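Chemist: For reference, the structure I am asking about is given below.
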Amino acid sequence: MAKESPTIQKTLAAAKDATTLRLHYPDVTVSEAGANVTIPAAKPTPTLSISANALKSAPDTKYIAVSVDLDAPFPSFSVLGPILHGLHIDLVPGTPDSDGFAPLEGPTEWLVPYIGPGPPKPSAPHRYVFMVFEQPPTLDAAKIRSLLGFAQEVKLTTRMWWNEESFEKKLGLGEVLAGNYYLTRA
């Protein structure tokens with residue numbers, strides 16, 4: 001398995017106890033950690049909703065969401081992973097629903113466009129992890145691109161070998177506020 005950062009380890013463990021992030025695709029909502037989701041169901045770009053209990057109290061707080069595949073190309077031989085599957089910034093919470101989950105709303109375009117799952121045959125299921133952090137107020141798209149060394153178009157080679165710890169440190173992120181993951185098999 002790929003090297004899992006402390007944040008990813010914490011997210012996986014916490015999500016098993018209580019999911020604080022829901023992933024909404026047109027045909028499925030992932031509300032329980034470790035759910036099995038098919039490749040076609042998870043191909044479209046998801047929307048996210050966060051437990052209102054995980055939100056910061058300041059009304060002008062923005063959030064960053066990151067998605068990674070921990071197991072590329074195979075869980076037992078993940079030499080390419082983790083792979084960054086998407087990075088969405090400038091998210092703000094909407095009105096919570098009756099379950100206490102607020103939609104995270106923001107620009108329709110992700111800073112690093114979402115790519116759906118695609119584990120190769122005959123791979124075991126891959127873990128696709130989504131994490132939400134508070135976005136420091138000094139960060140905008142240009143500054144994030146600069147700090148991470150991203151070109152306007154983020155190529156696959158930049159997405160491979162994603163270093164979650166380095167990402168968090170460069171952006172000055174705090175603790176993960178919410179997370180969830182699902183499993184997809186070829």
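The values are calculated or read from the model by the stated rules, or taken from the named source; none is laboratory data. Because the structure is a prediction, the values reported are computed rather than measured. Cβ placement follows ideal geometry from the backbone for every residue including glycine, while neighbour counts extend to all protein chains displayed. Calculation scope for accessible area: heavy atoms of the full protein, side chains included, ligands and nucleic acids excluded. Shrake-Rupley method; radii C 1.70, N 1.55, O 1.52, S 1.80 Å.
Chemist: How far apart, in nanometres, would the label points at Glu153 and Thr95 be if each is projected 7 angstrom from Cα along the Cα-to-Cβ direction?
Modeler: 4.1
Chemist: Classify the range 30-70: rounded, prolate or oblate, from the alpha-carbon gyration tensor (a ≥ b ≥ c, eigenvalue square roots; a/c under 1.5 rounded; otherwise prolate if a/b is larger than b/c)? Don't skip to the answer; put the middle values down first.
Modeler: Working: a/c = 2.65, a/b = 2.09, b/c = 1.27.
Prolate.
Chemist: Would you work out what percent of the accessible area of the chain, with all protein chains in place, is carbon or sulfur (probe 1.4 Å)?
Modeler: Numbers: 4900 of 9020 Å².
Carbon with sulfur: 54 percent of the solvent-accessible area.
Chemist: Express in whole angstrom the spacing between the alpha-carbon centres of the range 169-186 and the range 86-120.
Modeler: For the range 169-186 versus the range 86-120, the Cα centre distance is 12 Å.
Chemist: What does the accessible area per residue of the chain come to in Å², with a 1.4 Å probe and no ligands, DNA or RNA counted? Can you show the working numbers first?
Modeler: Numbers: 9020 Å² over 186 residues.
Ligands and nucleic acids excluded, the result is 48 Å² per residue.
Chemist: Which residues among the range 16-57 fall inside the zone where the amide N is under 14 Å from a point 7 Å beyond the Cα of Glu105, along Cα→Cβ?
Modeler: 48-50
Chemist: Go through Pro44, Thr138, Pro117 and say which Cα lies farthest out towards the positive end of the charge dipole of the range 44-186; charges sit on Cβ, +1 for Lys and Arg, -1 for Asp and Glu.
Modeler: Pro117
Chemist: Another one. Is the range 133-186 rounded, prolate or oblate when judged by the Cα gyration tensor, a ≥ b ≥ c being the square roots of its eigenvalues, rounded requiring a/c under 1.5 and prolate requiring a/b larger than b/c?
Modeler: Values: a/c = 2.16, a/b = 1.17, b/c = 1.84.
Because a/c hits 1.5 or more and a/b fails to exceed b/c, the range 133-186 counts as oblate.
Chemist: In this model, which of Lys16/Lys155; Lys121/Lys169; Lys56/Lys170; Lys43/Lys155; Lys16/Lys121 are farther than 29 Å apart at the alpha-carbon? Display every interim value, and only then the final one.
Modeler: Numbers: Lys16/Lys155 32 Å; Lys121/Lys169 35 Å; Lys56/Lys170 21 Å; Lys43/Lys155 18 Å; Lys16/Lys121 27 Å.
Result: Lys16/Lys155; Lys121/Lys169 exceed 29 Å.
Chemist: Along the Cα-to-C-beta direction of Val79, a point sits 7 Å from the Cα; which residues of the range 145-186 have their amide N less than 15 Å from that point?
Modeler: The answer is 161, whose backbone nitrogens lie closer than 15 Å to the label point.
Chemist: Using only the Cα atoms of the range 40-96, what are the Rg and Dmax in Å?
Modeler: Cα radius of gyration and Dmax of the range 40-96 are 15.0, 44 Å respectively.
Chemist: Would you work out the charge dipole size for the chain about its Cα centre, treating the Cβ of every Lys and Arg as +1 and the Cβ of every Asp and Glu as -1, and quote it to the nearest 20 debye? Please report the intermediate quantities before stating the final value.
Modeler: Working: 16 positive and 19 negative charges, 111 e Å.
Here the size comes out at about 540 debye.
Chemist: Pairs of alpha-carbon atoms within less than 8 angstrom and 6+ residues apart define the contacts here; what relative contact order does the chain have, in percent?
Modeler: On the way: 419 pairs, mean separation 58.0, N = 186.
For the chain, the relative contact order is 31 percent.
Chemist: Then there is this: Among (i) 57; (ii) 54; (iii) 46, find the value of percent of Cα pairs over 21 Å apart that was calculated from the structure presented, and write down its label.
Modeler: (iii)
Chemist: Mind checking Rg over Rh on the range 1-79, alpha carbons, Kirkwood formula for Rh? Please report the intermediate quantities before stating the final value.
Modeler: Numbers: Rg = 14.3 Å, Rh = 14.5 Å.
My calculation puts Rg/Rh at 0.99.
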